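Undergrad: Provided herewith is a single structure, encoded as structure tokens, for subsequent inquiry.
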Amino acid sequence: MLRSALLKLSETKSLAHWVTSNRTTREMSHRFVAGETLHEAIEACRVCNDQGMAVTLDCLGENVATTADAQKARDTYLEIYDRIAKEKLIANVSCKLTQLGLDISPDFCEGLVSSVVERAAAYESFLRVDMESSMYTQRTVALVKRVRAQSPCVGTVIQAYLYRSEIDIQDLLAYGCRIRLCKGAYKEPQEVAFARKAEVDANYVKLMRLLLTSGFYHAIATHDPRMIAETIRCAAQNNISKDDFEFQMLYGIRTDLQRRLVRDGYRLRIYVPYGHEWFPYFMRRLAERPANLGFFVRNFFRS
Ligand SMILES: Cc1cc2nc3c(=O)[nH]c(=O)nc-3n(C[C@H](O)[C@H](O)[C@H](O)COP(=O)(O)OP(=O)(O)OC[C@H]3O[C@@H](n4cnc5c(N)ncnc54)[C@H](O)[C@@H]3O)c2cc1C
């Protein structure tokens, strides 16, 4: 219930305004968000690289309402690729389609995504299109397939909690698409998604095996030690090298596990989010682990 309430609150614009303009909550957001500026994100990226971890940079934002805001987001992503190259960082980029105008027009959004992928290709880099709530799944898969037909430098995300995900994986693999597998972070109805953790985990393992044995380079995104152990076991059973896939984790979460994977010689990429629009992302992180909420409430009243 708490998870549902936090996910519902993540969509509340008035609360977002209050939380993101309050000094204390802004400071607390640094637990999950690298900062509000690209400069801060680049510094976080450098620290990760120095520790043997690659990065994917995300300028936070979603559900923009105007073409001008979507174009501004596109320009920011172009700038991020330029900065990554200039600073010689081991990093690529993740973005959300509703930040690039998917709610306004799929064609307009596709034009912006194509220009970002073109810039990624110019630097031999990569654009990962994050997956948002299930009302966008069909449009996201369709758009990524169209852009992937033009360039190999784009991939997307599949959420293990959705019933449809196995079919989406088969569909995307037919296009040679690289996939990040995650459990799924949104509030979804039982008609489209598994509700119980055990069911989500079982589907995660099934989809992970499908990806690992597909012959393409995919990303296994989780902080769950059981999912990680299953992945390592599957790779060993199928003679899949440590260089043929990567683990991914979120900035600030399970840094102990992050260090252990690097020490054991696995490829690890950290998702580093930054920007002013951090409220929905922050609330999803609280929802994933309600114990986080107690921690933040205690710190808020202490400060
Ligand atoms: C790199 C990356 C990219 C992602 N991209 C997307 C995306 O595009 N779309 C999408 O819907 N979701 C995305 N997610 C989020 C994902 O769907 C899950 O909500 C999130 O990763 C938690 O699931 P878990 O696999 O870590 O397992 P869980 O079973 O939720 O957690 C396992 C353990 O990890 C730790 N943990 C997990 N979350 C937290 C937290 N917030 N704070 C503290 N500890 C925590 C706890 O120790 C917990 O016991 C992404 C996740 C990662 C790692």
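The values are calculated or read from the model by the stated rules, or taken from the named source; none is laboratory data. All of these numbers come straight from a predicted model, not from anything done at the bench. Because the Cβ atoms are built from the backbone with ideal geometry, glycine has one as well, and the counts that use them run over all protein chains shown. In case anyone asks, the SASA skips ligands and DNA or RNA and just uses the protein heavy atoms, side chains included. Shrake-Rupley method; radii C 1.70, N 1.55, O 1.52, S 1.80 Å.
Undergrad: Within the bounds of the stretch 109-132, is there any residue that is assigned to a loop (DSSP other than H, G, I, E, B), under 12 Å from Leu143 (Cα atoms) and hydroxyl-bearing (Ser, Thr, Tyr)?
TA: Scanning the stretch 109-132, I find no residue that is assigned to a loop (DSSP other than H, G, I, E, B), under 12 Å from Leu143 (Cα atoms) and hydroxyl-bearing (Ser, Thr, Tyr), so the answer is no.
Undergrad: Additional query: Yes or no: Asp69 open to solvent by 30 Å² or more (accessible area, probe 1.4 Å), at pLDDT 95 or above and outside any helix (DSSP H, G or I)?
TA: no
Undergrad: Within 15 Å of the ligand (Cβ to nearest atom), modelled with pLDDT under 95 and surrounded by 13 or more Cβ atoms within 10 Å (Cβ to Cβ): does that describe Lys183?
TA: Criteria not met by Lys183.
Undergrad: Still on this model: Going through the stretch 226-263 one residue at a time, which ones are open to solvent by 70 Å² or more (accessible area, probe 1.4 Å), near the ligand (Cβ under 9 Å from one of its atoms) and closer than 26 Å to Ser29 by Cβ?
TA: Within the stretch 226-263, Arg254 is the sole residue that qualifies.
Undergrad: Here's a follow-up. Take the stretch 118-133 and flag every residue that is surrounded by fewer than 23 Cβ atoms within 10 Å (Cβ to Cβ) and within 22 Å of Thr66 (Cα to Cα).
TA: Answer for the stretch 118-133, where residues must be surrounded by fewer than 23 Cβ atoms within 10 Å (Cβ to Cβ) and within 22 Å of Thr66 (Cα to Cα): Asp130, Glu132, Ser133.
Undergrad: Looking at the stretch 1-10, is at least one residue at positive phi and surrounded by 21 or more Cβ atoms within 10 Å (Cβ to Cβ)?
TA: No: the stretch 1-10 contains no residue that is at positive phi and surrounded by 21 or more Cβ atoms within 10 Å (Cβ to Cβ).
Undergrad: Related question: Of all the helices (runs of 4 or more DSSP H) wholly in the stretch 210-303, which have at least 2 residues that are under 25 Å from Glu188 (Cβ atoms) and either in contact with a His (Cβ under 7 Å, 6 or more places away or on another chain) or among the polar types (S, T, N, Q) (or both)?
TA: Once the helices (runs of 4 or more DSSP H) in the stretch 210-303 are filtered for at least 2 residues that are under 25 Å from Glu188 (Cβ atoms) and either in contact with a His (Cβ under 7 Å, 6 or more places away or on another chain) or among the polar types (S, T, N, Q) (or both), nothing remains.
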